[in-house]
Amino acid sequence: MTRKKILVVDDEENIRILYSEELQDEGYDVITASNAEDADIKIKESNPDLITLDIKMPGMDGIELLRKLREYDKNIPIVMCSAYSDYKQDFRTWASEAYIIKSSDMLELKSTIREIFKKREVGKLGD
């Protein structure tokens, strides 16, 4: 079985490092991007299996990038990650698979990612 590839998009370097290390420990290949433009390039280059996406970023924010991504790929799972719970009620984030409040405790993010991949595997088996 090939390792799943995750793209972490966040303007904060510490978050990118934390997510990268924690997700690599879970057995994933991790690519990082510091903004939407960088993410757009890396998506096309590396074809990730899942994207974690920060909302508040300079330039194009995560909600705008989510909308853009859905225009050309409706199937890639996207997990919105924000320090702000306010956006959870914003209907524009509903195009994502999940919404996680950032925390140094990575359990929620890791279990959400596992669940998304498990559901997709079950879906493939049913095809």
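The values are calculated or read from the model by the stated rules, or taken from the named source; none is laboratory data. Predicted model only: the values in this text are computed from it and were never measured. Ideal geometry is used to build each Cβ from the backbone, glycine not excepted, and the neighbour counts take in all protein chains shown.
Of Lys56, Lys44, which residue is in a loop (DSSP other than H, G, I, E, B) and either over 13 Å from the mean Cα position of the chain (by Cα) or closer than 19 Å to Ile116 by Cβ (or both)?
Working: Lys44 fails: in a loop (DSSP other than H, G, I, E, B).
Only one candidate qualifies: Lys56.
Being part of a helix (DSSP H, G or I) and surrounded by fewer than 20 Cβ atoms within 10 Å (Cβ to Cβ) is the filter here, so list the residues in the stretch 64-74 that pass it. So that I can check it myself, show each step before the final result.
The first filter runs over the stretch 64-74 and keeps only residues part of a helix (DSSP H, G or I), leaving 64-72.
Across the stretch 64-74, the qualifying residues are Glu64, Arg67, Lys68, Arg70, Glu71, Tyr72.
Please find, within the stretch 75-114, the residue that is surrounded by the fewest Cβ atoms within 10 Å (Cβ to Cβ) out of those that are at pLDDT 90 or above and of a type in the set (Val, Ile, Thr).
Ile76
If a residue must be over 16 Å from Asp54 (Cα atoms) and of a type in the set (S, T, N, Q), how many such residues does the stretch 16-31 contain?
1
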